[in-house]
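One structure is given here, and the rest of the page talks about it.
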Amino acid sequence: YDWVRDADGEAPFGDVVYRYCLDAWGAPSLADRAAHDLYYNVRRHAPTSRRCLLFAAFSGIDNDPISKMGHRVGSSRLLFEAATAPAARRFFFHCVDLLRDDGLAFPSDDEERWLVPKAAVEGAARAAFNRDAAPCYAPPATDPPRKGRIEAAKAFDDLLFRLRDLAIDEDGRVDADAVLWLLLQHWRELVLDGRELSSTKAIAAMLNGVASYNNQEMVEEAEEVARKALLSLDHFVALRRRLGLWGLVYDEAADVASYHAAVAHVERTPAPSPVKAVMLGLRRYHIRTLRG
């Protein structure tokens, strides 16, 4: 993990792992063997080790039931897909820093597990998701309550319940890897919620409040809304707010970057549909503002 953290954040996780093996052993034939042995043991111990489970998810080992992150479609794919993996890793290491405080992350002493005081876990979770000030949980006083935000707040409360249910040892400590797994599960749920809020159906619903039941009509309505959103940054931000897309922090720079990304997609040859361009821009904002 130290090697991955120091490497280029955009590089695929598996590539960085292989470069680590190559640097350690020097020869490709030995690096191949080391990588094979590593992943053989990751698969073997994933059913009983959250650390191996996370390592498998970051590596793209998503076909086995042991690597699933929940019942929603997509499983743990967000942890290794090119569009979201760098943000997932940055959020992961942010959580690692919160849990280790001033101590070592993943200590390699006689203990097989990294244990942290249970009393510090809830505070780390609140800090990781900026719970007390996050726009995705608490709407500004000028905005009406939105169903998505209410559901996000309930999901965070459910996360806290699951963290409190973790097994503790005689010293009141819990497995840090189990905590990290639950934090990444919640991060993933927020990302998937953002994808649903920036879907064609959601954009179409911005026109009359209800998306058409006819698929072609829905697409045409969404196209009209998307074309308007592309007129200016103000139009784009207005659509994002109406959709209820919020991150853990409010970042105007993310709005600008997302709008520029949407316009850049439109200017490509061949150009995607306005809806596709706007969806990609909105999702870029949502990922960026989830601490990554």
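By the Stokes-Einstein formula, at 1.567 mPa s and 4 °C, the chain with its Kirkwood radius over alpha-carbon pairs has D equal to 62 µm²/s.
Dividing the helix sum by the residues of the chain, where each DSSP H run of 4 or more adds -39500 (n - 2.57), gives a mean residue ellipticity at 222 nm of -19000 deg cm²/dmol. Between helix 215-229 and the chain there is an angle of about 90 degrees, using the helix long axis and the longest principal axis of the Cα atoms. Using the 1.4 Å probe convention, the accessible area of the chain works out to 53 Å² per residue with neighbouring protein chains retained.
For the chain, with all protein chains present and a 1.4 Å probe, just round the carbon and sulfur fraction of the accessible area to a whole percent. Before the final figure, lay out each step's value.
On the way: 8150 of 15420 Å².
That fraction is 53 percent.
Which residues' amide hydrogens lie under 5 Å from the amide hydrogen of residue 173, considering only partners 5 or more residues apart or on another chain, with H built in the peptide plane? Those lying under 5 Å, H to H, from residue 173 are 118. For the range 271-284, 3J(HN,Hα) computed residue by residue from phi via the Karplus equation (6.51, -1.76, 1.60; θ = phi - 60°) reads 6, x, 5, x, 4, 4, 5, 5, 4, 5, x, 5, 5, 4 Hz, glycine and proline entered as x. For the chain, the longest principal axis of the C-alpha atoms and the axis of helix 13-25 are separated by about 30°. About its Cα centre, the dipole of the chain is roughly 880 debye, where the only charges are +1 on Lys and Arg Cβ and -1 on Asp and Glu Cβ. Residues in the range 165-180 carry Karplus couplings, in order, of 7, 5, 5, 10, 8, 5, 9, x, 10, 10, 6, 4, 5, 5, 5, 4 Hz; the curve used is 6.51 cos²θ - 1.76 cosθ + 1.60 with θ = phi - 60°, and Gly or Pro positions show x.
Springs between Cα atoms under 10 Å define the GNM used for the chain, and in it the highest mean-square fluctuation of 182, 282, 38 occurs at 38. What angle do you read, to the nearest 10 degrees and between 0 and 90, between the alpha-carbon axis of helix 233-243 and the longest principal axis of the chain? Approximately 70 degrees, to the nearest ten.
The values are calculated or read from the model by the stated rules, or taken from the named source; none is laboratory data. Because the structure is a prediction, the values reported are computed rather than measured. Note that we place each Cβ from the backbone using ideal geometry, even for glycine, and neighbour counts take in every protein chain shown. The protein model used for the area step is the full one, side chains on, heavy atoms only, and it has no ligands, DNA or RNA in it. Shrake-Rupley method; radii C 1.70, N 1.55, O 1.52, S 1.80 Å.
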